[in-house]
Amino acid sequence: MRMNRNLLMIFAALSLCPALCAQAPGAQEGRTIIKDKQARARLLGEHRLSLQWISWDYFGKAVVRENKGVLSIAGEQKGRGTGDYLKIEGVITEVDTTEIKFKGTIETRVSHINQGNPCKREGEMTFRITQNRRYWRLKEMDNPCDEATDYVDIYFR
């Protein structure tokens, strides 16, 4: 009887595991969801990076790396003599054929936007490929600090 009770307790715990284990720290944390292996291959490595207010002639650089199943991105574009910049840093949470989901920070500073003060976007954002473009563009284009539209682009290699 005692053995049956223990087995019942184990089965009960296992039946709850899908709900509880998904919430356990580290259970799903840290691994980038890859829905398209070709898109992952295209994303890994060094890319040109731009914010249209800074320049489409002098690009910055972003690097996507993988460490233990987690894709991360870090990059910067600097204006020439203006103090303007674009910085991106964070983790790529999901890669699909035409979309990249990103969790992190994008910071911009443009002299004629937000009175020249830095502007930070933090949290979850999406980059998309649309209309056969050869880059991913930030979907959340509205500048949160001013009435401006920002084109933050990560170009294919």
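The values are calculated or read from the model by the stated rules, or taken from the named source; none is laboratory data. Predicted model only: the values in this text are computed from it and were never measured. A quick note on method: Cβ atoms are made from the backbone with ideal geometry, for glycine too, and the neighbour counts reach across all protein chains shown. What goes into the accessible areas is simple: the full protein's heavy atoms, side chains included, and nothing from ligands, DNA or RNA. Shrake-Rupley method; radii C 1.70, N 1.55, O 1.52, S 1.80 Å.
Just a few scattered comments:
- Test set (1) closer than 23 Å to Leu44 by Cβ; (2) open to solvent by 60 Å² or more (accessible area, probe 1.4 Å); (3) in contact with a strand residue (DSSP E or B) (Cβ under 9 Å, 6 or more places away or on another chain) - Asp142 fails condition number: (1)
- So Ala19, is it in a helix (DSSP H, G or I) and either at pLDDT 95 or above or open to solvent by less than 60 Å² (accessible area, probe 1.4 Å) (or both): no
- Filtering region 110-125 for residues that are modelled with pLDDT of 95 or more and under 16 Å from Tyr155 (Cα atoms) leaves an empty set.
- Just one of the listed residues (Arg128, Arg157, Arg121) is touching an Asp or Glu at 6+ places or on another chain (Cβ under 8 Å) and open to solvent by less than 60 Å² (accessible area, probe 1.4 Å), and it is Arg121.
- For region 48-92, the candidate set comprises residues that are β-branched (Val, Ile, Thr) and over 15 Å from the mean Cα position of the chain (by Cα); within that set, the residue that is least open to solvent (accessible area, probe 1.4 Å) is Ile54.
- Some residue of region 133-155 being touching a Leu at 6+ places or on another chain (Cβ under 8 Å) and either closer than 18 Å to Thr32 by Cα or of a type in the set (A, V, I, L, M) (or both): yes
- Counting only residues that are part of a strand (DSSP E or B), touching a residue at least 24 places away in the same chain (Cβ under 8 Å) and under 17 Å from Trp136 (Cα atoms), region 43-71 holds 11 of them.
- Some residue of region 95-106 being open to solvent by 20 Å² or more (accessible area, probe 1.4 Å), within 16 Å of Leu51 (Cβ to Cβ) and either modelled with pLDDT under 95 or in a loop (DSSP other than H, G, I, E, B) (or both): no
- Residue pairs meeting the criteria (Cβ under 6 Å; at least 6 apart or on separate chains; first under 17 Å from Gly75 (Cβ atoms) and in a strand (DSSP E or B), in region 130-157; second modelled with pLDDT of 95 or more and of a type in the set (Gly, Ala, Ser)): Asp153/Ser50; Ile154/Ala62
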